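A quick write-up on the structure given underneath.
The values are calculated or read from the model by the stated rules, or taken from the named source; none is laboratory data. The structure displayed is predicted, hence computed values, not measured ones. Cβ sites come from the backbone with ideal geometry, for glycine too, and all protein chains shown count toward neighbours. SASA here: full protein model, heavy atoms, side chains in, ligands and nucleic acids out. Shrake-Rupley method; radii C 1.70, N 1.55, O 1.52, S 1.80 Å.
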Amino acid sequence: MHDVPTYDPAAVEETWQARWVERHTNEPDLDRPARPFFNLMMFPYPSAEGLHVGNMFAFTGADIFGRFQRLQGHDVFEPMGFDAFGIHSENYALSVGTHPGKLIPRNIDTFRRQLRRFGGMFDWRHELSTTDPAYYKWTQWLFLQLFNAKLAYKKRAAVNWCPKDKTVLANEQVINGRCERCDTPVEQRSLDQWFFKITEYAERLLRNLDTLDWSDSTLALQRNWIGKSEGAELVFRTPAGQAITVFTTRPDTVFGATYLVLAPEHPLVEALTAAEQRADVRAYQRQVQSKDVVSRRVGDREKTGVFLGSYARNPATGDAVPIWIGDYVLMEYGTGAIMAVPAHDDRDHEFATQFKLPIRQVVRVEGETLPFVSEDGLLMNSGRFDGRPCRDGGREIVAWLAAQQVATPRVQYRLHDWCISRQRYWGPPIPIIYCDRCGPVGVPERDLPVLLPPFEDFRPDDSGVSPLARHTEWYNVPCPQCSAPGRRETDVSDTFLDSSWYYLRYPSTEFDDRPFDPDRTRTWLPVTTYIGGNEHAVLHLLYSRFITMVLKDQGRVSFEEPFPKLRAHGLIVKDGAKMSKSRGNVVIPDAYIKQWGADTFRMYLMFLGPFQEGGDFRDEGITGVRRFLEKVWALAHEAVRTADGRLPEAVERKLHQTIRKVTTDTATLGYNTAIAAMMEYVNVIREHGAGSRGAMRPLILMLAPYAPHLAEELWVLLGGTGRSVFDERWPSYDERLAEAGDVEIAVQVNGKLRARLALPRGASQDDVVARALAEEGVKKFVDGNPVKKVVYVQDRLVNLVV
RNA sequence: GCCCGGGUGGCGAAAUCGGUAGACGCAAGGGACUUAAAAUCCCUUGGGGGCAACCCCAUGCAGGUUCGAGUCCUGCCCCGGGCACCA
């Protein structure tokens, strides 16, 4: 064995990272690409802790995909940016006594350094940060497009208020009644808020899901979130003529509705309350209001409520049914009022039992006892609808009641309008000026951006208004329409608005007079492949789809789905447990990259489990990958000194099988098995002592997406003359060579494996059976019995049934 | 409660149009080289039985379909994630 120079990843990686910059290797021609491929990954929030291993895992997987596409001959655009506005940065700045405006640039510097160091194929010409006025100018512009289209509106609303972060939260940011950031129980407050009418797009957002190439889990999450229910609104009238409208998904059970329940906040409660019940009703309402959202929604589920002392007529039966209020009915969903069918709804049953209300069975299902909710039954106690199947009967009942003007078919979504205002500092100011004469007026485009003033005093307070509202010199401005004294909106917008359009900005970052250039957008969008975590399956992805639909409706883009192909990666855990600071098991990538090199670290991350499922990070495992790269390094150096000739047959066959496997696996993000296949190939080369150029060059090409620095280095060593291995083409394989040689055929007797035969491909059934019967191990089990049946699978298996 | 995933060696995991279970890697044990160690190389490694060729058992549990089931069907159990008093 000749001397092989030591593999020094740090040196190799530094050299090539410098060359990539000098040679503009990662900068595609954005104006005239032959085969554009927009490889997008979810941009990170630049935390003070730096890039963590979860980011690194995601970016590595996405980068491998981009590099693979590049080798397939695409012009791959792989940009990177920073989602740097938001409560997280602001809270961190407060906790360490600095200003987010100072903190964020430092954090971004760290991230940029880390992202270069791990070897991402990023086009840094197109880096963006959502906090850059050149970016948020257009975030504000986007708000104005929705405002002008009447898709943004302000309303006083009971909103989620986090007493710790002192801000309003979107429904999506409330987890089990608690703030998703700080876990504080969320309170209800009534404030004026800006909303986007995403509910107007609910049906389209739902329907389009069928056209998307997304993972099933992500699609399911979105469907769930949109939460479509079909049913009807039914009207119950009081003797005084008041109409109480309820929403139900089970109009077939209306004959079983024995009472009504309204949400305690329902506007009709006052009018429906009898004098003698007034005190009790008031007390109950106060009690509910004082509950925090946690105990109302998820904590104590015991049914409570109060009788209002009045009645309404069931439109189907004509019976007078009592009207109650109860906090298990929510004002935000449906009409805030329900018809209670205690026989066929568990919650209603519980309530009726508690308060001794009548229970009337109207559905019969074999073997079921009350209460049950099945729709697979026949109606009973339902007048002329008796005996009808539930679903048909329901339709007929709605038609019957609709003719009397007391029923309307209705579709209900769980999705709420998107509350986008935040009473905080670290975000883009909402570009609105209030004028006593003109009302809310959009800031004219020529005056954008509305700069976020660099106030040192940005601490939020309990007032329910933004810190910007403390600065009269900032918010007092003339009305852009009539020049009368006006006042700026002092709320800033939600971070999810920043991230709802960043993919549109990337190809157009150099244009300061337009948010996204029409030509660039036509060339590069929609995004070819989007890779990111399922934690954004609902919020970010739903908002981005909505914004894109709005832009499409305004004729600003030609597509309505920004991410036709999306792949979600899994989560990475450490030694079987979720990483967290408190557990002390957070993996800091820098230390690993320093010790092992970026190429080894990238490959290890991809080897520890299926990319789309995540995996368990264990320190011990990394040595295997490093050993593999050392072997490749040594074989390549050996190959240089070896005369090239035809590969040994076994090596050639394995090579073609490997190219086949690595190609399909890389294309489908099956990185762990692709790496395993390359390891197998290297093992075969070593067994045959066949480390020649012909054996190694295709391997280096396949390895390039995974270990780009090493591949560049070895490509030059093996005679590559171009500027980069990524200007080469992915190797192709020959199916015939991959399938050459004998196949092993399993011989079963009665389904149990008894022997293996090595035979040429394509042997006939008769030959195989004859050979099988000659085997000792087979004879023994056939034992002279006649073979009753032969199952033969060409080139794989024969099963003799005796 | 509902909706997605997922349960395979000591460990991370392969194999799903039903067709040779455990590829690849880690760890462990044995050996070679070395004054020694590291590194490297070779061998063994799911469980049980046998001197051996071999045999039996084994993919969360219980059934079923099939010549044949990790894979399909029925009913359960457990783990992870999401939604959740949504009418």
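Can you find, among A:N750, A:V159, A:V269, the residue sitting farthest towards the positive end of the charge dipole of chain A, where Lys and Arg contribute +1 and Asp and Glu -1 at Cβ?
A:V269
Farthest toward the dipole's positive end in chain A, which of A:I198, A:L797, A:Q289, given Cβ charges of +1 (Lys, Arg) and -1 (Asp, Glu) about the Cα centre?
A:Q289
What does the C-alpha gyration tensor say about the overall shape of the stretch A:519-567? Classify as rounded when a/c is under 1.5, otherwise prolate if a/b is larger than b/c, or oblate.
Working: a/c = 3.23, a/b = 1.44, b/c = 2.25.
Taking the square roots of the gyration eigenvalues as a ≥ b ≥ c, the stretch A:519-567 is oblate.
Rg and Dmax of the stretch A:82-204, using alpha carbons, in Å: what are they?
Gyration radius and largest Cα-Cα distance of the stretch A:82-204: 17.9, 49 Å.
Which chymotrypsin sites (Phe, Trp or Tyr not before Pro) in the stretch A:488-574 pass both tests, a DSSP loop state and at most 16 other beta-carbon atoms within 10 Å? Don't skip to the end; give the middle numbers.
On the way: sites: A:F496, A:W501, A:Y502, A:Y503, A:F511, A:F516, A:W524, A:Y530, A:Y543, A:F546, A:F559; in loops: A:W501, A:F511, A:F516, A:F559.
Qualifying residues, ordered by number: A:F511, A:F559.
Roughly how many percent of the accessible protein surface of the stretch A:1-113 is carbon and sulfur, given a 1.4 Å probe and a whole-percent answer?
Of the solvent-accessible surface of the stretch A:1-113, carbon and sulfur hold 49 percent.
Report the relative contact order of chain A, percent, no decimals, based on alpha-carbon pairs under 8 angstrom and at least 6 residues apart.
14 percent
Quick check: Cα centre of the stretch A:128-154 to Cα centre of the stretch A:400-433, how many Å?
Going from one Cα centre to the other spans 20 Å.
Report in % the part of the accessible area of the stretch A:598-648 that belongs to carbon and sulfur, leaving out ligands and nucleic acids; probe 1.4 Å. Spell out each step's value before the answer.
On the way: 1020 of 2040 Å².
Carbon-and-sulfur percentage of accessible area, whole number: 50.
Please work out the ratio of the alpha-carbon Rg of the stretch A:710-767 to 2.2 N^0.38 Å and round it to two decimals. All intermediate terms of the calculation are to be shown ahead of the outcome.
Working: Rg = 21.3 Å, N = 58, 2.2 N^0.38 = 10.3 Å.
In units of the 2.2 N^0.38 Å rule of thumb, it is 2.07.
How tilted is helix A:87-96 with respect to the longest principal axis of chain A? Cα atoms for both, answer in degrees (0 to 90, nearest 10).
Taking the Cα atoms of chain A, the angle to A:87-96 is about 80 degrees.
Given +1 on the Cβ of Lys and Arg, -1 on the Cβ of Asp and Glu, and no further charges, what dipole in debye does the stretch A:409-539 carry about its Cα centre, rounded to the nearest 20?
Details: 14 positive and 19 negative charges, 89 e Å.
The calculated dipole for the stretch A:409-539 is roughly 420 debye.
In Å, the Kirkwood hydrodynamic radius of the stretch A:10-105 over pairs of distinct alpha carbons?
Numbers: mean 1/r = 0.0631 Å⁻¹.
Answer for the stretch A:10-105: a Kirkwood hydrodynamic radius of 15.8 Å.
One quarter of the convex hull surface, Cα atoms only: what value does that give for the stretch A:439-496 in nm²? Write down the numbers at each step before the final one.
Values: hull surface 20.3 nm².
Orientation-averaged projected area of the Cα hull: 5.1 nm².
If you line up the long axis of helix A:622-640 against the longest principal axis of chain A, both from Cα atoms, how many degrees apart are they, to the nearest 10?
40 degrees
Charges only on Cβ, +1 for Lys and Arg, -1 for Asp and Glu: so what's the dipole of the stretch A:276-398 about the Cα centre, in debye to the nearest 20? Mind dumping the intermediate values first?
Working: 17 positive and 19 negative charges, 84 e Å.
Magnitude of the dipole: close to 400 debye.
Find, among the GluC sites (Glu not before Pro) in the stretch A:1-88, those assigned to loop by DSSP (not H, G, I, E, B) with at most 14 other beta-carbon atoms within 10 angstrom.
Working: sites: A:E13, A:E14, A:E22, A:E49; in loops: A:E49.
Here the GluC sites (Glu not before Pro) that fit, given the DSSP loop and packing criteria, are A:E49.
If you fit an axis through the alpha-carbon atoms of helix A:649-667 and take the longest principal axis of the Cα set of chain A, what angle between them do you get, 0 to 90°, nearest 10?
20 degrees
Counting Lys and Arg as +1 and Asp and Glu as -1, what is the net charge of the other residues whose Cβ lies under 14 Å from the Cβ of A:A667?
Counting the neighbours of A:A667, the net charge comes to +4.
Please give the charge dipole size of chain A, origin at the Cα centre, charges +1 on K and R Cβ atoms and -1 on D and E Cβ atoms. Round to the nearest 20 debye. Intermediate results must be reported in sequence, preceding the final value.
Working: 98 positive and 105 negative charges, 137 e Å.
With only Lys, Arg, Asp and Glu charged at Cβ, the dipole is about 660 debye.
Per DSSP H run of at least 4 residues, take -39500 (n - 2.57); add these up for chain A, divide by its residues and hand me the 222 nm value, nearest 500 deg cm²/dmol.
On the way: 27 runs with 289 residues, N = 802.
About -11000 deg cm²/dmol.
In Å³ and rounded to a whole number, note down the convex hull volume per residue for the Cα atoms of the stretch A:586-727.
Details: hull volume 15.6 nm³, N = 142.
Each residue corresponds to 110 Å³ of Cα convex hull volume.
Determine the percent antiparallel among the DSSP beta bridges restricted to chain A, to the nearest 5. Don't jump to the answer; show the numbers that get you there.
Values: 71 of 95 bridges.
Antiparallel bridges make up about 75 percent of those DSSP assigns within chain A.
Tell me which of A:A707, A:V725, A:Y681 sits at the most positive position along the dipole axis of the stretch A:647-798, charges placed on C-beta atoms (Lys, Arg +1; Asp, Glu -1).
Result: A:Y681, furthest along the dipole toward the positive end.
For chain A, treating each Cα as an identical point scatterer without solvent, what Debye log10 I(q)/I(0) comes out at q = 0.05 1/Å?
-0.39
Apply the Kirkwood formula to the stretch A:461-608: the hydrodynamic radius equals the inverse of the mean of 1/r over all pairs of different alpha-carbon atoms; give it in Å with one decimal.
Details: mean 1/r = 0.0500 Å⁻¹.
About 20.0 Å for the stretch A:461-608.
Accessible area per residue for chain A in Å², computed with a 1.4 Å probe and the full protein assembly in place, what is it?
43 Å²
Where does the stretch A:401-484 land on Rg/Rh, using Cα atoms and the Kirkwood Rh? Don't skip to the end; give the middle numbers.
On the way: Rg = 20.0 Å, Rh = 16.3 Å.
Using only Cα positions, Rg/Rh for the stretch A:401-484 is 1.23.
Would you tally the net charge around A:V398, using a Cβ to Cβ cut-off of less than 10 Å, leaving A:V398 out, and scoring K and R as +1, D and E as -1? List each step's numbers first, then the result.
Numbers: positive: A:R395, A:R410; negative: A:E233, A:D252, A:E396.
So the surrounding residues net to -1.
When all C-alpha to C-alpha distances in the stretch A:233-290 are sorted into bins of 10 Å, what percent of pairs does each bin hold, rounded to whole numbers?
In order of increasing distance, the bins hold 18, 47, 29, 6 percent.
How large a share of the accessible area of the stretch A:236-283, in percent, is made up of carbon and sulfur atoms when the probe is 1.4 Å and the other protein chains stay in place? All intermediate terms of the calculation are to be shown ahead of the outcome.
Values: 990 of 1830 Å².
Summing carbon and sulfur atoms, their accessible area is 54 percent of the total for the stretch A:236-283.
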